[in-house]
Amino acid sequence: MAVTIRRATLDDLDDLLDLREAVAGEGVWIGAQVPLDRDGDRARHLHTIEQQEDGTSAVFLVAELEGVMVGSLSMHARIGIAGLGMQIADGHRGQGIGAALVAAGIEWAREAGVHKVELEHWPWNHRARALYERFGFVEEGYRRRQYRRKDGSLWDSVVMGLVLDEDAPGHEERAAEPPI
Ligand SMILES: CC(C)(COP(=O)(O)OP(=O)(O)OC[C@H]1O[C@@H](n2cnc3c(N)ncnc32)[C@H](O)[C@@H]1OP(=O)(O)O)[C@@H](O)C(=O)NCCC(=O)NCCS
């Protein structure tokens with residue numbers, strides 16, 4: 001079955017929220033936790049869908065199998081850095097749908113003039129990690145006890161980045177300040 005990747009529209013809002021709610025309900029993959037603030041998320045999703053119009057601020061992609069939404073990916077760009085978030089519905093993972101979304105997302109980022117894509121994943125999310133590494137993302141940091149969960153616990157997160165502009169000059173080498 002061929003997957004279709006396309007831009008999200010306002011007609012997708014309910015399906016996007018249902019997908020996010022289902023994945024959040026699994027409790028172990030994404031930052032969002034149930035119960036979702038559906039009104040708040042709807043407003044944020046709507047804003048992202050509208051932002052797509054300018055071509056550089058954001059993109060919201062959906063993956064469909066025979067007309068049914070099975071995945072989504074969003075990116076928000078600020079000062080040339082795009083933050084990536086994504087989810088594939090349970091039962092459709094490990095079939096290359098995430099890869100199709102990430103490929104399309106990176107294509108958008110390049111066209112939008114983004115110089116870097118960044119994301120975070122939970123330390124145990126090996127499937128996400130494998131997917132991101134396949135596209136060249138590298139670990140840039142490990143954030144210990146970073147996020148407070150609704151049950152009060154603090155979860156670590158892993159930061160990954162993908163540099164898209166390797167041509168611009170970097171900063172000059174500077175002498176280290178002598179120790180005081
Ligand atoms: C993470 C996620 C987006 C990946 O999408 P997907 O469609 O499942 O991914 P793909 O099938 O395109 O690729 C998965 C890769 O992980 C690998 N993989 C699968 N299970 C794995 C495991 N347990 N350990 C390591 N690698 C694994 C696959 O071999 C594949 O790599 P390859 O293409 O190099 O062979 C999807 O599984 C998902 O939505 N999970 C729940 C929500 C989530 O984690 N979102 C991301 C939060 S950072």
Cα convex hull volume per residue for the chain, in Å³, equals 154
Expressed in angstrom, Rg and Dmax over the Cα atoms of the range 1-57 are 12.8, 34
Measure off 7 Å from each Cα along the Cα-to-Cβ vector at K150 and R42, then give the distance between these two points in nanometres to one decimal. 1.9
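Which value in Å is the Kirkwood Rh of the range 1-100 over different Cα pairs?
Details: mean 1/r = 0.0720 Å⁻¹.
Kirkwood radius, the range 1-100: 13.9 Å.
What is the calculated FRET efficiency for E53 to A99, with r their C-beta to C-beta distance and R₀ = 35 Å, to the nearest 0.05? All intermediate terms of the calculation are to be shown ahead of the outcome.
Working: r = 27 Å, r/R0 = 0.77.
About 0.85, to the nearest 0.05.
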In terms of the ratio Rg/(2.2 N^0.38 Å) built on C-alpha atoms, what value belongs to the range 96-180? 1.41
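How high is the relative contact order of the chain, in percent, with contacts defined as C-alpha pairs under 8 Å that are six or more residues apart? Present the calculation step by step, with values, prior to reporting the outcome.
Numbers: 277 pairs, mean separation 30.9, N = 180.
This gives 17 percent for the chain.
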Pop out the carbon and sulfur fraction of the accessible area of the chain as a percent, whole number, probe 1.4 Å. 50
Starting from the exponent 0.38 and prefactor 2.2 Å, build the expected Rg for the range 86-140 from its residue count and divide its actual Cα Rg by it. 1.16
Lys and Arg at +1, Asp and Glu at -1: neighbours of A22 with Cβ under 11 Å from its Cβ sum to -4
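The values are calculated or read from the model by the stated rules, or taken from the named source; none is laboratory data. No experiment lies behind these values; they were computed from the predicted model shown. Backbone-built Cβ (ideal geometry, glycine too); neighbour counts: all protein chains shown. Side chains are part of the model used for accessible areas, which takes the heavy atoms of the whole protein and leaves out ligands, DNA and RNA. Shrake-Rupley method; radii C 1.70, N 1.55, O 1.52, S 1.80 Å.
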